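Okay, so here's the structure we're looking at.
The values are calculated or read from the model by the stated rules, or taken from the named source; none is laboratory data. Everything numeric in this text was worked out from a predicted model, so none of it was measured. Cβ placement follows ideal geometry from the backbone for every residue including glycine, while neighbour counts extend to all protein chains displayed. In case anyone asks, the SASA skips ligands and DNA or RNA and just uses the protein heavy atoms, side chains included. Shrake-Rupley method; radii C 1.70, N 1.55, O 1.52, S 1.80 Å.
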Amino acid sequence: MEELQDPIVLPDNSEAFRSHASRCDASMPGNSRGQESGLSIVKKRGHGTRSWIHINHTGNSKVLELDKATIMKHCSLPARDLRLLDPMFIYPSTILGREKAIVVSLEQIRCIITADEVIVMNSLDNTVVQYESELCKRLQMIRDQSDDLPFEFRALELALELTCMLLDGQVQELEMEIYPVLDELTSSISTLNLERVRRFKGHLLALTRRVQKVRDEIEQLMDDDGDMAELYLTEKKERAEAYSSANQYFQSISSGFGVISKSEPVSPVTSMKGSVKLERAFSSVLSSSKHGSSMSSSRSGYNIEKLEMLLEAYFVVIDNSLSKLLSLKEYIDDTEDLINIKLANVQNQLIQFELLLTAATFLATIFAVVTGVFGMNFEPAIFKISSAFEWVLIITGVACGISYLFFLSYLRSKKILSL
């Protein structure tokens, strides 16, 4: 665990790094430009370096140029974890607990959190700038105050807070844009309104996937106590330091009893006394180590409970945002159903009108056939009767009208037409 305290140093054939002034609020106490950050960085020529923002536990930040090998060695991370932070690739939101660091990839906030420092992927995005300034401000405010919340939890809490605020702001903005369009669409169905709703629905689905992934990641951490225990870097660091100090103490005792002067004769009694003292010292070290381990375990359970409460708070926020998106999706679906009902109603009216028009055309065709028959070039006996042709036309028209009315009554009785 001593590597966390060592400075990050690149190979000797590299140039001196460029460190920029801290972007924290200059009015905060202790935020001087020349204050030491605890890191000695060199900028290496090559294609593997990226711009990172280093924030230490006192709230001071610097912009550094680091390569992957340096970060992997300093934070004991595999290469696949650094790929999650690569802006060239699109990965879902992830929170990974490792031995010496927490890898956080939440929307635009891509950072590595250790027990006493945060290394953030440098970006011009407002969320990253706000994360840096707000974290520095909070760390400087609590620097002279007693606080039981570990450093890594504060950094993780701010990342979750800004991510939830960003997603909730986008949800509210989408609601303000889409509700008027849906209301307008229900009153006036047009191609323009349909295209706008289709575009908003695509944005809604993409935002829902992002919010769902953040929610699932928080829920997965809350469901596994082992994953939450992995996030407690301060306790793991204290355990490692306690074990190292106990080991050094035992080695010093054993070396003290193991050195025997050559000039003095070796007495069995003296040798036995030294052995007894060594055994007592070893047992005392073991008992103190066990006591420290038990205290650490009990403290770990308490801190895991605090971490769970912290995660639950932001789980409620992100779940509320997801509920808004699901309600908005249901509203869109209801609007689509209403539009489909309206279109189906119009289609039914057109079909009814077409049915009436077809029936009228059929009867008119019968009347035209009768008229055409009597208009042919021959002399039937009925033409010898005066006004016979007029009576034929009258009888045919009345018969067609009665047939049409009978047809309408039949359709109405079958509830095909609502007349």
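Taking Cα atoms of segment 82-124, Rg/Rh with Kirkwood Rh, to two decimals?
Details: Rg = 10.0 Å, Rh = 10.6 Å.
When Rh is taken as the Kirkwood radius, the ratio is 0.94.
Compare the peptides 345-353, 152-160 by average per-residue count of other Cβ atoms within 10 angstrom and give them in order, highest first. Kindly include the intermediate steps, with their values, before the conclusion.
Values: 345-353: 11.4, 152-160: 22.3.
Top to bottom by mean Cβ count within 10 Å: 152-160, 345-353.
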*Could you state the number of Å between the C-alpha centres of segment 84-115 and segment 174-209?*
34
*asked:* As a test question: what accessible area, to the nearest 10 Å², does residue 137 have when a 1.4 Å probe is rolled over all protein chains in place?
replied: 80
*Quote the FRET efficiency, to the nearest 0.05, computed for residue 134 versus residue 331 with a Förster distance R0 of 41 Å and r equal to the Cβ-Cβ distance.*
0.75
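How charged is the neighbourhood of residue 92? Take every other residue with its Cβ under 11 Å from the Cβ of residue 92, and add Lys/Arg as +1 and Asp/Glu as -1. Write out the running numbers ahead of the final one.
Details: positive: 209, 210, 213; negative: 107, 216, 217.
That works out to 0.
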